[in-house]
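A short worksheet on the structure shown next.
The values are calculated or read from the model by the stated rules, or taken from the named source; none is laboratory data. Here the structure is a predicted model, which is why all the values come from computation and not from measurement. Cβ placement follows ideal geometry from the backbone for every residue including glycine, while neighbour counts extend to all protein chains displayed. What goes into the accessible areas is simple: the full protein's heavy atoms, side chains included, and nothing from ligands, DNA or RNA. Shrake-Rupley method; radii C 1.70, N 1.55, O 1.52, S 1.80 Å.
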Amino acid sequence: GLRPSPARTAEPRPRRRPAAAAAAARVLDPCPYSSTVRTHKPSPFLECLSIPFPKLPQLSIETLRQWSTLSYPGLVKELCTLFIGPELIPRDVLNGLIDQAFSRFRHREVVHLSRLRNGLNVLELWHGVTYAFKDLSLCCTAQFLQYFLEKKEKHVTVVVGTSGDTGSAAIESVQGAKNMDIIVLLPKGHCTKIQELQMTTVLRENVHVFGVEGNSDELDEPIKAVFADVAFVKKHNLMSLNSINWSRVLVQMAHHFFAYFQCAPSLDMDPLPRVEVVVPTGAAGNLAGKETPGQKRAFQKNACGPSPSRRPLGCNYEEED
């Protein structure tokens, strides 16, 4: 749920000098990345589809005002161009990949904000094929990945452990892809019936689903062991599509921008008005993407999580940024 935070007295925004205004309007260069698992020089987007640490740009108020008029797909395109340079994916191709990614969503807006009473709003992230919010990011990630794989004439095997929605959304995003196979480990008896059917009824040669004993936390252990064997991973071209995959985080940042632009009363205030965001979460995967570039103080986020035993390490369930 989202609602504007209690109003605070806004100070008049000082007029920018022409030089400062020109600098703010300048197109930002795509950001470099530094891997969290390697210590060598910064890497481009292509080499950091797994666990990167990008340098976040600072967006001007002029940029935010321009973005506030965009649709959700338009916001995703603008965000992606900040981190994916034209030397990797030309802008027109990038736009086409994103349009293709969202082509099967049931709502024409892709993401819709429903306005309720007393300033409360609900951001509808469930209009994808599998009804999970993960459809939004995984469909784009699969399009980017397939583009790079075709260009390099390579093949990868995606390994996914799931508690339900990740497996369904990952399968939907890559089924039928020529350059990818996907292996999904499904914890028997721990998913809803519809999620289980979404995963086990896809008749594509590149989709492989296995039922395993134990819950999703327990099946993560053998997956971690596999990816810890660097030689094995390299030999079999393995990768994953987990919640900290940078491409997923990148697309999920658009949720916050879209919600803010829909809920904020005005962008002509200094400081910007704050919007309170309440996020229901299981293992906090849907909190990935909260580190949005630009005006950090515009959000107050409260996350509603599970019992302490299910909380990921380092996750604070009441925070402001």
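Values for this structure:
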quantity: Selection from the range 138-156 of residues that are polar (S, T, N, Q) and either modelled with pLDDT of 95 or more or farther than 20 Å from Leu185 by Cβ (or both); calculated: Gln143, Gln146
quantity: Some residue of the range 161-168 being touching a strand residue (DSSP E or B) at 6+ places or on another chain (Cβ under 7 Å) and under 12 Å from Arg248 (Cβ atoms); calculated: yes
quantity: Residue selected from the range 255-282 under the condition assigned to a loop (DSSP other than H, G, I, E, B) and of a type in the set (Gly, Ala, Ser), by the criterion surrounded by the most Cβ atoms within 10 Å (Cβ to Cβ); calculated: Ala264
quantity: Residue tally, condition of a type in the set (Lys, Arg) and either in contact with a Gly (Cβ under 6 Å, 6 or more places away or on another chain) or buried (at least 16 other Cβ atoms within 10 Å of the Cβ) (or both), over the range 155-193; calculated: 1
quantity: The one condition in (1) crowded, with 17+ Cβ neighbours inside 10 Å; (2) in a loop (DSSP other than H, G, I, E, B) that Gln252 fails to fulfil; calculated: (2)
quantity: Which numbered condition Lys134 fails, given (1) under 24 Å from Met180 (Cβ atoms); (2) among the basic types (Lys, Arg); (3) modelled with pLDDT of 95 or more; calculated: (3)
quantity: Residue in the range 143-153 that is closer than 26 Å to Leu219 by Cβ and in contact with a helix residue (DSSP H, G or I) (Cβ under 9 Å, 6 or more places away or on another chain) present; calculated: yes
quantity: Selection count where residues are under 24 Å from the mean Cα position of the chain (by Cα) and open to solvent by less than 30 Å² (accessible area, probe 1.4 Å), scope the range 207-224; calculated: 4
quantity: Every residue from the range 225-249 that is open to solvent by 20 Å² or more (accessible area, probe 1.4 Å), closer than 23 Å to Phe83 by Cβ and in a loop (DSSP other than H, G, I, E, B); calculated: Ser240, Asn242, Ser243, Ile244
quantity: Hits in the range 175-196 (condition: among the aliphatic types (A, V, I, L, M) and closer than 25 Å to Glu218 by Cα); calculated: Ile182, Ile183, Val184, Leu185, Leu186, Ile194
quantity: Matching residues, the range 88-114, being among the small types (Gly, Ala, Ser) and under 22 Å from Val174 (Cβ atoms); calculated: Gly96, Ala101, Ser103
